[in-house]
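Colleague: Have a look at this one.
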Amino acid sequence: MHRTIVLITLSAFLFTACGKQVTDPELNAETAPEWPVVDAVASYDMDVTLDPEHKTLTGHERITYVNTGETSIHDVIFHLYLNAFRDDHSSIFMQEAGPSHRGFSLDTDHPGWTEVTSIHLEDGTPLSFELIEDETLGRLELPHPIAPGKTLILEIDFKAQLPQVFARTGFYEDFFMVGQWFPKLGVWQNDRWNAYPFHANSEFFADFGDYDVRITVPEQYVIAATGLPVSSTANEDGTQTTQFEAKGVIDFAWSASPHFKQSTRKVDGTEIVYVYLPEHEFTVERVLYAAETAVSHFGDWYGMYPYPRLTIVDVPDQAEGAGGMEYPMLVAAGLADLTGLGIMKGRLDRLLETVTVHEIAHEWWYAVVAFNEAEEPWLDEGITDYSTVRLMDRVYGPNDTVLQLGGIELDYLQMRRMEYLADPLVPMYGKAWDFDQINYGIATYSKPVLALSTLENVVGEQTMLEIMSTFFEQYKFSHPTTQDFRSVAEDVAGQKLDWFFDGLVYGDDVLNYTVTSVNEHSLTVERQGELIIPTEVEVTFEDGTTEMTAWDGVQDEMTFDYPDRASIRQAEVDPHQKILVDLQWSDNGLSRRMDVMSWLAVSARLLFQIQDFLLGQGGL
Ligand SMILES: [Zn+2]
């Protein structure tokens, strides 16, 4: 897509004159920022004021909702996510999290909640509202149904108490990460509201819409937000109001701190803004380089980033629960600190870059394609993390160590493989709450990364890129499902991919390829497990020559004969270790790589610490 973009710097917007609205003159130039053309289903026009002392928000929202379904809608279901954090035991979230989320506990002295203080129709008709499930959902009966194609406008006043940073949102001293903060509609699909209570493992699902949000904070605060800042006003009371606009997005998040500094870069028509804390000045070049590289590579691989700006927010070391999270046009990165892990000699290189790249990869999958993260979380995290591994390998090199523990070095993929081997039987497909926290990590991160990388190795890099870019272009802004991904993948690859979808995504199939015997002129290979992935067998003969033979893996045992060759010296199945889900590489023949399985036996406990760490601090 061809785009013309106006470069707008945050500082220009933060230039304010008392009592007078200052609009950036560049916005009035002939070239307005170009937004993706997306049908707005649920749009939000909001005013919100932060009270930094009491850590509260006072807000008003005007929701414009279009019924794009085939039947009339009689009621409306809202999310009130912050109500999950009223205490450490009442909500479904806290019961499932039990009671810590990704290694962090809720500070019960600083809980979170949202209260709807008034709700009415555009004409002033008041509506009554009931909290349902565990109060993370609200429901209201409409006086008149919304007919197909018709629009509903709701006016809602609300208050929110931000928790001390927990599960991606809240405050730490004067730092605020404001996510999941406003009453937000579910998604009307197949004649029902697709809206679940807030579950511990679950992320989000929302319709696309346009956002126009005015945020009021003390004048010394700097705001980072979804969208583009379009104006800023200094108010008489020492506050400032900054207006942000975003079109064709599924959510709106923002962050504020009086300490924020910023640095910007432009790549492929997108302005990248890094908003960071002064103590993290040393991360500026690293984060911007990673971000720039990610935006341009993902743009080349999948399709152009469709928005004019991407903001990366840094988080304080003490507020890592807010880091490693994606929102539309805004990601929270942050430095990961190993001190909480208990791995004294551990070191994670490139974790800063890995987290940055991972969150930016989400912009293509979570934010633009927009999967249902509650119902099919593997699609979002899996494809995102696969994209991350791919980029880190190509930009920083496959041997750039991510994790060092004692004398052992693991790259990102080896780390994911180690996690997978802890429970390879868990299917990738499932609703977020079908999994416990460890299995959720394996099902949605570890296994999909290995499965997708294996798929790339089997169909070839070019075909895989074509699958991904076709899927992105065909399904952007449309909430596709696993079945949609399957139809594109099989169509582009020109083959059935039962092993991938039935075996790994929906199923619990595993495989171990092994060479069971080598004779003078023949060898026997075996497939253990039900998973069938085409592979190859490499034979080295006594005269030093080699031969590669394809094996479809369909028979569980296969003998290959080489009657006219020199004696066989050795044989190896899958010699290039393309099948990353193979349970054991050490019996494939002569293994050139470290076999993680034997390592695993010694390190089971460590594994869970690492995974907790990756899920939590790295967030991802
Ligand atoms: Zn992620």
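Colleague: For the condition touching a helix residue (DSSP H, G or I) at 6+ places or on another chain (Cβ under 7 Å) and either modelled with pLDDT of 95 or more or farther than 19 Å from Tyr366 by Cβ (or both), what is the one hit in Asp212, Asp314, Asp237?
Modeller: It is Asp314.
Colleague: Here's a follow-up. With respect to Ser255, is the statement that it is open to solvent by less than 40 Å² (accessible area, probe 1.4 Å) and part of a strand (DSSP E or B) true?
Modeller: yes
Colleague: Would you be able to tell me the number of residues in the stretch 33-59 that are among the hydroxyl-bearing types (Ser, Thr, Tyr) and assigned to a loop (DSSP other than H, G, I, E, B)?
Modeller: Number satisfying all stated conditions: 0.
Colleague: Would a scan of the stretch 311-324 turn up a residue that is among the polar types (S, T, N, Q) and either within 16 Å of the ligand (Cβ to nearest atom) or open to solvent by less than 10 Å² (accessible area, probe 1.4 Å) (or both)?
Modeller: yes
Colleague: Could you please let me know if Glu281 is open to solvent by 10 Å² or more (accessible area, probe 1.4 Å), more than 16 Å from the ligand (Cβ to nearest atom), over 20 Å from Ser387 (Cβ atoms) and more than 18 Å from the chain's Cα centre (by Cα)?
Modeller: Yes, satisfied.
Colleague: Next question. Does Lys261 meet the test of being of a type in the set (D, E, K, R) and crowded, with 20+ Cβ neighbours inside 10 Å?
Modeller: For Lys261, the condition - of a type in the set (D, E, K, R) and crowded, with 20+ Cβ neighbours inside 10 Å - is not met.
Colleague: Looking at Ala374, Ala370, Ala332, Ala361, which is the one that is within 16 Å of the ligand (Cβ to nearest atom), on the phi > 0 side of the Ramachandran plot and at pLDDT 85 or above?
Modeller: Going through Ala374, Ala370, Ala332, Ala361 in turn, just one is within 16 Å of the ligand (Cβ to nearest atom), on the phi > 0 side of the Ramachandran plot and at pLDDT 85 or above: Ala370.
Colleague: Moving to a separate point now. Please state which one of His60, His89 is over 23 Å from Pro145 (Cβ atoms) and without any contact (Cβ under 8 Å) to a residue 40 or more places away in the chain.
Modeller: Criteria check complete, one pass: His89.
Colleague: Between residues in the stretch 267-279 that are outside the structural domain of Pro229 (by TED's automatic domain parsing) and part of a loop (DSSP other than H, G, I, E, B) and residues that are of a type in the set (Ser, Thr, Tyr) and open to solvent by 10 Å² or more (accessible area, probe 1.4 Å), which pairs lie under 9 Å by C-beta distance while being six or more apart or on different chains?
Modeller: Qualifying pairs under 9 Å: Asp268/Ser296; Gly269/Thr4.
The values are calculated or read from the model by the stated rules, or taken from the named source; none is laboratory data. Predicted model only: the values in this text are computed from it and were never measured. Positions of Cβ are generated from backbone atoms using ideal geometry, with glycine treated the same way; all protein chains shown enter the neighbour counts. Quick note on the areas: whole protein, heavy atoms, side chains included, nothing else; ligands and nucleic acids left out. Shrake-Rupley method; radii C 1.70, N 1.55, O 1.52, S 1.80 Å.
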